[in-house]
Amino acid sequence: MSGISNLQQDKYGLKTIFHVVVGLIIFIAVGALATSSVKLLRAAKVAEPSILFSVVRPTLVIVVLLLVVCLYISKVLKRPLSDFRMGKPKHIALWGACALILPLAVAAFYIFLTPGNFASSNAGMRENSLTILYVFFGTFLTAGVIEETIFRGLIMRVLEIRFGKVIAVIVPSIVFALMHIGNAANMHATDIALLIIAGTAVGSMFSLIAMQSGSIVASALVHGAWNMILGGKILSIATQPEPSIFTYKLTSDANLLTGGAFGIDAALPAIIGYGSVIALALYLMRKGDKSAQ
């Protein structure tokens, strides 16, 4: 009997929960591997950013993750990778455009419609090029591939098989939000509330993109582009922006605009953006359902 059949007949959901926990353990272990590799490179006095730091380290982490997850799906769950949305996506041009439009629209809102101060770094072309390379591999690929493979690939799919699509979208999204609480210091109740709302919304957005397109490639593309463009290093928008090629220092202290301690990823403009993409994904899914009848 296949792993999928076992899950479908999992009366109390215990086997499903087991696979979810395994997914989270893999995610935490890969994060620990990434942190350890950073410490080793720094101890070896490898410059940050550098080709080795920017390319080799994240590539190694991604390869390890994909190897572990693929072996788990094929050997434990005994299913082809395509059953877990690891294949060619539908509407890739649409989701590729969305990957650019969403973060750029949010960035444009802040830069052109909110009070603040824009600045650019004095770094040279070589240093900026290394920064972009570092962000592409270390943020775009790593965040997109690792988080989407675990949350929208393995975890969402096993939940979907046992509990249906609604639970499969909502539960991993809430867990995804909760796991980000420790990423910001001095968070107050309002900050945590914003983070949970925004994190659940963005997780649901990635989940619906994966479902609609039939592949985590599309959700990884949108996820990675958001982190690359608005995750700092290239463009930092905050009340206290981090050193980046471009910075926009917000002069407002309104939590709905700044996102509180977590930053603009948890702010109202971003949440509206997530909601817009969710609406698009739901529309395409309903349109697809009608055309299939």
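The criterion of being buried (at least 21 other Cβ atoms within 10 Å of the Cβ), at pLDDT 85 or above, within 17 Å of GLY275 (Cα to Cα) and not polar (S, T, N, Q) does not hold for ALA168.
Take ALA97 and decide whether it is in a helix (DSSP H, G or I), at pLDDT 95 or above and loosely packed, with under 14 Cβ neighbours inside 10 Å. Answer is yes for this residue. In the condition set (1) buried (at least 22 other Cβ atoms within 10 Å of the Cβ); (2) under 20 Å from LEU268 (Cβ atoms), ALA210 is compliant with all but (2).
Quick one: is ALA261 part of a helix (DSSP H, G or I), of a type in the set (Gly, Ala, Ser), within 28 Å of LEU133 (Cα to Cα) and at pLDDT below 95? Yes, satisfied.
A single member of HIS188, HIS223 is out of contact with any Leu (no Cβ under 8 Å at 6 or more places or on another chain) and either within 26 Å of PRO58 (Cα to Cα) or acidic (Asp, Glu) (or both), and it is HIS223. Within the option set ALA266, ALA210, ALA220, ALA238, being at pLDDT 95 or above, among the aliphatic types (A, V, I, L, M) and touching a Gly at 6+ places or on another chain (Cβ under 6 Å) holds for one residue only, ALA220.
Screening GLY224 with (1) assigned to a helix (DSSP H, G or I); (2) more than 16 Å from the chain's Cα centre (by Cα) gives one miss only, at (2). Taken together, ALA34, ALA47, ALA29 contain a single residue that is more than 20 Å from MET211 (Cα to Cα), at pLDDT 80 or above and out of contact with any strand residue (DSSP E or B) (no Cβ under 7 Å at 6 or more places or on another chain), which is ALA29. Of all the residues in the range 35-80, those that are in contact with a helix residue (DSSP H, G or I) (Cβ under 6 Å, 6 or more places away or on another chain), part of a helix (DSSP H, G or I), of a type in the set (A, V, I, L, M) and without any contact (Cβ under 8 Å) to a residue 40 or more places away in the chain number 1. Contact map, the range 131-144: residues that are surrounded by 20 or more Cβ atoms within 10 Å (Cβ to Cβ) paired with residues that are outside any helix (DSSP H, G or I), Cβ distance under 6 Å, separation 6+ or inter-chain. Pairs shown: TYR134/PRO49; VAL135/LYS233; VAL135/ILE234; THR139/GLY231. Could you list, in sequence order, the residues of the range 110-150 that are aromatic (Phe, Trp, Tyr) and assigned to a helix (DSSP H, G or I)? Of everything in the range 110-150, those that are aromatic (Phe, Trp, Tyr) and assigned to a helix (DSSP H, G or I) turn out to be TYR110, PHE112, TYR134, PHE136, PHE137, PHE140.
The values are calculated or read from the model by the stated rules, or taken from the named source; none is laboratory data. Owing to the predicted nature of the structure, the values given are computational and were not obtained by experimental measurement. Virtual Cβ from ideal backbone geometry, glycine too; neighbours counted across all protein chains shown.
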